[in-house]
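The values are calculated or read from the model by the stated rules, or taken from the named source; none is laboratory data. This one's a predicted model, so the numbers in the text were calculated from it and none came from an experiment. Note that each Cβ is placed from the backbone with ideal geometry, even for glycine, and that neighbours are counted across all protein chains shown. Protein only, heavy atoms only, side chains kept; ligands, DNA and RNA dropped before computing areas. Shrake-Rupley method; radii C 1.70, N 1.55, O 1.52, S 1.80 Å.
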Amino acid sequence: MKFDDIYQFFQDPPPTYLNKELAVCYVLSVLLSGESYGTELIGRLESEYPTYRLSDTVLYSALKFLEDQAAITGYWKKVEGRGRPRRMYQIRPECVEQAHDLARLWGDYTMRDSQAI
């Protein structure tokens with residue numbers, strides 16, 4: 001390692017991987033605007049929040065948690081332009097208020113994180 005490597009790290013930091021708690025809040029923030037599926041959630045995160053990443057393992061753990069808590073429902077749907085059906089997820093109507101609350105936590109986190117840079 002050289003000092004230049006340290007400067008380079010701060011000029012172009014590596015992405016931050018979301019943990020399960022953040023993933024739950026992120027997923028709910030997206031699903032509030034409509035249904036989605038796993039790979040779309042990952043792609044959207046990378047596109048809208050380039051400094052963050054979400055592994056498949058953490059995402060599907062968060063989705064399972066949300067399904068187990070009856071906050072979201074999942075169903076299979078053929079997506080236009082895709083080969084096989086996708087597992088689509090949507091927020092259950094009775095959980096919308098809590099979804100807004102947790103989505104706000106995601107927004108606060110990303111805002112705070114961007115101000116720290």
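Just a few scattered comments:
- Selection within region 19-30 - open to solvent by 10 Å² or more (accessible area, probe 1.4 Å) and either farther than 15 Å from GLY107 by Cβ or in contact with a Phe, Trp or Tyr (Cβ under 7 Å, 6 or more places away or on another chain) (or both): ASN19, LYS20, LEU22, VAL24, CYS25, SER29
Yes/no per residue for (1) closer than 19 Å to ASP101 by Cα; (2) under 11 Å from the mean Cα position of the chain (by Cα):
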| site | (1), (2) |
| --- | --- |
| ASN19 | yes, yes |
| LEU22 | yes, yes |
| VAL27 | yes, yes |
| GLU35 | yes, no |
| GLU46 | no, yes |
| THR51 | no, no |
| THR57 | no, no |
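- Boolean, SER61 is assigned to a helix (DSSP H, G or I), touching a residue at least 24 places away in the same chain (Cβ under 8 Å) and over 19 Å from MET111 (Cα atoms): yes
- Given (1) polar (S, T, N, Q); (2) open to solvent by 60 Å² or more (accessible area, probe 1.4 Å); (3) closer than 19 Å to TYR89 by Cβ; (4) in contact with a strand residue (DSSP E or B) (Cβ under 9 Å, 6 or more places away or on another chain), index of the condition THR57 fails: (4)
- Residue within region 71-81 that is closer than 21 Å to GLU21 by Cβ, at pLDDT 95 or above and open to solvent by 60 Å² or more (accessible area, probe 1.4 Å) present: no
- Failed item, numbered, when MET111 is tested on (1) surrounded by 16 or more Cβ atoms within 10 Å (Cβ to Cβ); (2) in a helix (DSSP H, G or I); (3) of a type in the set (A, V, I, L, M, F, W, C): (1)
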